[in-house]
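Take a look at the structure below.
The values are calculated or read from the model by the stated rules, or taken from the named source; none is laboratory data. Treat the numbers as computed from the prediction; the structure is a model and nothing was measured. Cβ placement follows ideal geometry from the backbone for every residue including glycine, while neighbour counts extend to all protein chains displayed. Accessible surface is based on the protein model in full, side chains and every heavy atom, while ligands, DNA and RNA are left aside. Shrake-Rupley method; radii C 1.70, N 1.55, O 1.52, S 1.80 Å.
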Amino acid sequence: MSIERSSPDVFRRRLLGALGAAGMAGVLPRVSATARRPLGVALVGLGYYSRDLLAPALKMTRHCRLAGIVTGTPDKAADWQRRHGIPDCNVYDYGGFDRIADNPDIDVVYIVLPNHLHKPFTLRAAAAGKHVWCEKPMAMDATEARAMIEACRHQRVQLAIGYRMQHEPNTQAVMALAHSRPFGRLQRIRAEAGFRGFDDAGGDPWRLDAARGGGAMYDMGVYALNAARYTTGAEPVAVTATASVQRPEIFRGVDETMQFRLEFPDGIVADGETSFGRNLNLLRAECANGWYELSPFQAYEGVRGEASDGRRFDVAVGATPAQQARQMDADALAILERRAPRVPGEEGWRDMQVLDAIFASARAGGKRVEIAAG
């Protein structure tokens, strides 16, 4: 199933409206904004998300295409070449990644690696003169995120973070309510994201390894955190958080569940929860004169919701991986039109600031931690 189509002019106007508030960012002059050549994308890391979602999604896009791969497994590279027609000259291992600088067929590097590798490969991609798309969470902490932003800015390449939900139309409708306030003053938010997993941790269970950015908060908690921020349209000023583990034989040194409360200006409170032990998928906003919610709010398809006045949020974008195709097309078009992406590095950095405070509070037994203004 393909992503919904409209005329190029209508598509462009709709996208410009969605992205207009993002600001401007430097881009490489080598990419023509008028030729509309589909941008060549190299996927770095060929795990499930690249194999089953991003690679198929790239076949659905208008403005980008799968051009190259980066992997540490030769057998995996050969299989990808057979299935996707990738030439030998566009295949790299991690050690030889920097040679990508000499390849004009690749414009964008999409980093789909364990969290601890986001920063080093972003810096290497920027040094090679390639635009960077980086999966969430952006980094291990806010300091790393800031270094990634500065490296891309210095090299005049774009940095976009893979928050696919901010490209999803029902989510965008909820984001707009933060400013229109049809139900009066926003009072409380509930954001929950999680799943029951890891009873059988086969393969490489890096999500259980603290040194590589494991734990529920890094993985699923970012959905809840980012949702609290875009639903309020504001930045939190303080947080309290508590981590817990129900299966200590599996979760050693990482959080299985994290509960956190974010304090926003004007007395708004957001209660968040994330877990590897329970299925959670809800975003709800309580206001002075009504409410609205999305449930599920971060599924790969079927995001939907309703409001107390009877309105529904039920725009369909297509079957999986239509969300990923929509995200990559929007980010590619931002490069081609020399505009900032919908979700620039600064957005990921703001989440990392809050994540740092959440972990600090949890380590201190739920102590209230103030969040520095960005």
Handout entry: Per residue accessible area in Å² of the chain, where ligands, DNA and RNA are left out and the probe is 1.4 Å
Key = 41
Practice task
With 5 Å bins from zero, work out the P(r) of region 304-363 over every alpha carbon pair and list the percent per bin.
Solution key: 4, 13, 12, 12, 14, 18, 16, 9, 1
Completion exercise
Computed on Cα atoms, the radius of gyration and Dmax of region 66-126 in angstrom are 11.3, 30
Fill in the blank from the handout: Looking only at aspartates and glutamates whose Cα falls under 18 Å of LYS367's and that sit 8 or more positions away or on another chain, we get ASP255, GLU263, ASP271, GLU273, ASP356
Exercise for the section: Rounded to the nearest 10 degrees, what's the angle between the helix 345-363 long axis and the longest principal axis of the chain, both from Cα atoms, 0 to 90? Expected result: 50
Handout entry: Solvent-accessible area, 1.4 Å probe, carbon plus sulfur percent, for region 186-291
Key = 45
Handout entry: Label point 7 Å beyond Cα of ASP271 along Cβ direction - residues of region 182-196 with amide nitrogen under 16 Å
Key = 187-193
Completion exercise
Expected unfolding gain across ARG153-THR242 under the 0.36 nm per residue rule, minus the alpha-carbon gap, is 28.5 nm
Exercise for the section: Calculate the length of the line joining the C-alpha centroid of region 190-269 to that of region 62-126, in whole Å. Expected result: 29
Handout entry: Dipole moment magnitude, nearest 20 debye, region 35-110 about Cα centre, only Lys, Arg, Asp, Glu C-beta charged
Key = 440
Exercise for the section: Name the shape class, rounded, prolate or oblate, that the alpha-carbon gyration tensor gives for region 137-224, where a ≥ b ≥ c are the square roots of its eigenvalues, rounded holds for a/c under 1.5, and otherwise prolate holds if a/b is larger than b/c and oblate otherwise. Expected result: oblate
Completion exercise
Dimensionless Rg/Rh of the chain, both radii on Cα and Rh by Kirkwood, sits at 0.95
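Scaled to the compact-protein estimate 2.2 N^0.38 Å, what is the alpha-carbon radius of gyration of region 221-324, rounded to two decimal places?
1.22
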Problem - Largest to smallest accessible area among GLU337, GLU150 [probe 1.4 Å] - result: GLU150, GLU337
Practice task
Quote the FRET efficiency, to the nearest 0.05, computed for ALA176 versus LYS59 with a Förster distance R0 of 30 Å and r equal to the Cβ-Cβ distance.
Solution key: 0.45
Handout entry: Whole-number D in µm²/s for region 40-191 (Stokes-Einstein; Kirkwood sum over Cα pairs; 10 °C, 1.306 mPa s)
Key = 94
